[in-house]
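Inspection log for the structure reproduced underneath, given as C-alpha cells.
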Amino acid sequence: MSLTITRPAVRNPGQDRGGAAAIGARPTLEVVGLKKSFGTVEVLKSVSLQVAKSEMVFVLGRSGSGKSTMLRCCNRLEEPNSGDILLEGEKITGRGVNLDRLRRRIGMVFQSFNLYPHLDARGNVTLALRKVLKLSRDEADARAITALTRVGLADKAANYPSQLSGGQQQRVAIARAIALEPAVMLFDEPTSALDPELVGDVLGVMRELKQDGMTMLVVSHEMAFAREAADRVVFMADGEIVEEGPPEELFGNPQHERTRAFLARYSQ
Amino acid sequence: MTNLDRFIETFLNGSVLAKYTPSILQGVWVTIELSVLIVVAGTLWGALLACIRAYRIWPVSFLIVIYADIFRAVPPLVLILLVFFGLPSVGITLSSFAVLFVILGLTLGAFAEEIIWAGITATDKGQWEAARSTGLGFTQTLGYVVLPQAVRMVIPPLTNRAIAITKMTALGTVIGVPDILNQATTAQSFSGNASPLTLAALAYVVLFLPFVILSRWLESRFAWKKG
Ligand SMILES: Nc1ncnc2c1ncn2[C@@H]1O[C@H](COP(=O)(O)OP(=O)(O)OP(=O)(O)O)[C@@H](O)[C@H]1O
Ligand SMILES: [Mg+2]
C-alpha cells in the first residue's frame, strides 16, 4: 500500500465541493481534446473534461449531443478519432494499450442494464472476477456477495435477471461493475429505463457509492439528484462542452443561452 | 379370408416378425450409433464454425459460408453416392458406415453453423459491450456470454434439424449400411412379406419419439423469460 500525501487544501474556486479537486492532484479520469466522427458527422468536437478522485461529475445535454459517445470513448467501446484519455495519469488511448486490462479499471453501467440472462445475479457478478481477475470460485463468490450487499441485494444472489425488477437489475449491474474495484465508474442514463418508483433505489446506491469515495462520471437527466449529489455538472450541446460548474451555479445561474433553454425545458 | 386377415397377414405377420426381429434390432443399434455420432459431431462442428465466423476474418468467413451453402443445397443422397462410389477410384476406400457418418455429419454441421450463427448475431449488442466493459476478452465474451445465449435461443430449430438429418441415416441402405431400414428391406425380400417394414417403422417411432420429446423438454428447460 502506498502512502498518500495530502496536499494543503487549495481549492479551485469553481470546484469547491467535497475537496475533491485539489490543484495539482492528478485527476482520476482526464479527457483531452476528444474528437469523434461517425462518417461525415462530427459527434464530438474536441471535448476536454477532468474527473478528480472521488468526484461525481454529471453530464447533461439534449438527445444526440454526444454524451453517450463521450462516455463510451472513455473505455474505448467507441474508438475516438483523436484526443487522449488518461486514467490515473496513464494514457489509455492509442495503439499498444491492453484494452482488457484497462477496462477492468473502468466500471460501466448501461441504460438497458445488459445483465447476462443465462446467469443468476451472483453469476453476473462473478464472471469477470473469475475469468478476468482469475479469482477462485470461493473468493469470487465472497466478493460478489459483498458487492451485492452494497447494492442491497444479497438476498437475490440466486435470482436470474428475469426474476428481478428493473431497479434490482440495474443494482446488480452496478454490483457487477464495483466488484472489480474500478478507479472510475461510468453511468449512461442508469435510470432512464426504469419505472419512476424504482429510480430512487438506484440513485440511493449511487449516493452511497459517492459517500464511499467512488469516482463517477454520470450521464443522466435526474436533475434533482444532480443538484443534491453532484460535485460538478457539465452541459454538452452538439458535441461540445458548453458550460460546466457546481450544480448550484449551473442550475441557479446558467451563463449560456443553450444551457438556459435546456434547463427551462427540463424543469417544467 | 377377410380383408382384415389379409391386412394382418401382410403387415403384422407373427411368424415373419419373430424370425426377423433380431436382425432388425441389430439395425436399431447401428442406427442409434450413427445418429448419436452425427448429432454430436455435426453440432459441435457447426458451433465451432459459427464461433470462428464470429471473428469476422473475411476469407475464413467466406469459406465457411461456401461450405454451409453447398451442403445445405445438395441432397445428402447425392453426396453419399458420390463419395461412396467415387472415392475408391482415387484410391480412398471408406466403409459405408464412415461415408454416411461423414456426409450427414457435415450436412448437419452446415445447418448447425447457420442456425448458431443466426443466434450469435441475434444476441443483443449490449451483451458484448457489458462483458467487454468488465475486461473480458473477445473469445471469453463469445464463450461465456454470447454462445450460451445463442445456443439456448436456437435450440428449437437446432433439434428439429438434428432430427431431420438423423432420420436420413435410412439413406445408408443404398450403400449397404446395416441400419434398420436395410435389415428390414433384406428381411422383406427374403420373406416376401411387408411385416419387417412395419417393424422398421415402429422402430423409428420408438427411436425418434423420445428424441422429439427430449427436444420439447430442452426447449422449456433452456427458455427463460425476457426481462
Ligand atoms: N454507431 C453510430 N453510428 C452512427 N452514428 C452514431 C452512432 N452512435 C451515435 N451516433 C450519432 O451520434 C450522435 C450522438 O449520439 P449519442 O448517443 O452520443 O448522443 P446522446 O447525447 O447520448 O443522446 P441520448 O440522450 O439520446 O442518449 C447522434 O446524432 C447519433 O445519431
Ligand atoms: Mg445516450
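The values are calculated or read from the model by the stated rules, or taken from the named source; none is laboratory data. These figures come from a predicted structure and were not determined experimentally. Cβ sites come from the backbone with ideal geometry, for glycine too, and all protein chains shown count toward neighbours. Quick note on the areas: whole protein, heavy atoms, side chains included, nothing else; ligands and nucleic acids left out. Shrake-Rupley method; radii C 1.70, N 1.55, O 1.52, S 1.80 Å.
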If a/c stays under 1.5 just call it rounded; otherwise compare a/b with b/c (prolate if a/b is bigger, oblate if not). Do that for segment A:116-174, with a ≥ b ≥ c from the square roots of the Cα gyration tensor eigenvalues.
-> prolate
Largest-first ellipsoid semi-axes for segment B:19-222, taking √(5λ) over the Cα gyration tensor eigenvalues, angstrom | 38, 21, 11
Under a GNM of chain B (C-alpha, springs under 10 Å), which listed residue has the highest mean-square fluctuation: B:V74, B:V83, B:V102?
-> B:V74
Counting only protein heavy atoms and rolling a 1.4 Å probe, one gets per residue an accessible area for the protein assembly as shown in Å² of 48
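Run the helix sum for chain B: -39,500 (n - 2.57) per DSSP H stretch of 4+ residues, divided by residue count, reported at 222 nm to the nearest 500 deg cm²/dmol.
The helix contribution divided over chain B gives -25500 deg cm²/dmol.
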Can you list the HN-Hα couplings for segment B:200-206, worked out from phi with the Karplus curve (6.51, -1.76, 1.60; θ = phi - 60°), rounded to whole Hz and with x for Gly and Pro?
-> 4, 4, 4, 4, 5, 4, 4
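Only Lys, Arg, Asp and Glu count, each charged at its Cβ (+1, +1, -1, -1), so figure out the dipole size of the protein assembly as shown about its Cα centre, rounded to 20 debye.
Dipole of the protein assembly as shown, to the nearest 20 debye: 500 debye.
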Going toward the positive end of the dipole of the protein assembly as shown, with +1 on Lys and Arg Cβ and -1 on Asp and Glu Cβ, which of B:G192, A:A226, B:I80 do you reach last?
-> B:I80
Kindly write out, for segment A:233-239 in residue order, the coupling ³J(HN,Hα) from the Karplus curve 6.51 cos²θ - 1.76 cosθ + 1.60 (θ = phi - 60°), rounded to whole Hz, with x marking Gly and Pro.
-> 10, 10, 10, 10, 8, 6, x
Cα-Cα over 23 Å: which of A:K67/A:K210; A:K36/A:K134; A:K91/A:K210?
-> A:K36/A:K134; A:K91/A:K210
Take the protein assembly as shown, compute every pairwise Cα distance, and split them into 20 Å bins from 0; I just need the percent in each bin.
-> 19, 39, 23, 14, 5, 0
Just going by the charge dipole of segment A:29-264, with Lys and Arg at +1 and Asp and Glu at -1 on Cβ, which of A:N253, A:A264, A:L99 is farthest out on the positive end?
-> A:L99
Top of A:L44, A:L209, A:L133 by mean-square fluctuation, Gaussian network on chain A, Cα under 10 Å | A:L133
Amide H neighbours of A:E243 at under 5 Å, excluding residues fewer than 5 places away on the same chain, with H built from the backbone geometry, are A:F235
Mean-square fluctuation maximum in Gaussian network of chain A, Cα pairs under 10 Å, restricted to A:A175, A:A147, A:A25, hits A:A25
Averaged over peptide B:134-144, how many Cβ atoms belonging to another chain are found within 10 Å of each residue's Cβ?
-> 6
Can you pull out the chymotrypsin sites (Phe, Trp or Tyr not before Pro) in segment B:55-91 that DSSP calls coil and that have at most 12 other Cβ atoms within 10 Å?
-> B:Y55
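Quick check on my link table: of A:K45/B:K125; A:K156/B:K125; A:K131/B:K167; A:K45/A:K131; A:K131/B:K125, which ones sit more than 32 Å apart, alpha carbon to alpha carbon?
Numbers: A:K45/B:K125 26 Å; A:K156/B:K125 26 Å; A:K131/B:K167 41 Å; A:K45/A:K131 37 Å; A:K131/B:K125 20 Å.
Pairs exceeding 32 Å: A:K131/B:K167; A:K45/A:K131.
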Counting sequence-distant residues (5 or more places) and residues on other chains, those with an amide H built under 5 Å from that of B:N13 are B:S195
Once the dipole of segment B:147-227 is set up with Lys and Arg at +1 and Asp and Glu at -1 on Cβ about the Cα centre, which of B:P178, B:A201, B:L214 lies farthest towards its positive end?
-> B:L214
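Can you pull out the buried accessible area for chains B and A, both sides counted, probe 1.4 Å, rounded to the nearest 100 Å²?
For chain B against chain A, roughly 1900 Å² becomes buried.
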Which residues qualify? For A:V59, with a placed amide H closer than 5 Å and at least 5 residues away or on another chain, they are A:V218, A:V219, A:S220, A:V234
Projected-area average for chain A over all orientations - Cα convex hull basis, square nanometres = 15.3
Just add up the charged neighbours of B:A203: K/R +1, D/E -1, any other residue whose Cβ is under 15 Å from the Cβ of B:A203.
-> -1
Size of the dipole of chain A about the Cα centre, Lys and Arg at +1 and Asp and Glu at -1 on the beta carbon, nothing else charged, in debye to 20?
-> 720
Calc'd 3J(HN,Hα), segment B:72-80, phi into Karplus 6.51 cos²θ - 1.76 cosθ + 1.60 (θ = phi - 60°), Hz, glycine/Pro = x, comes to 7, 8, 7, x, x, 4, 4, 5, 4
Loop-resident sites, segment B:16-104, for trypsin sites (Lys or Arg not before Pro), counting at most 12 other Cβ within 10 Å (DSSP) = B:R56
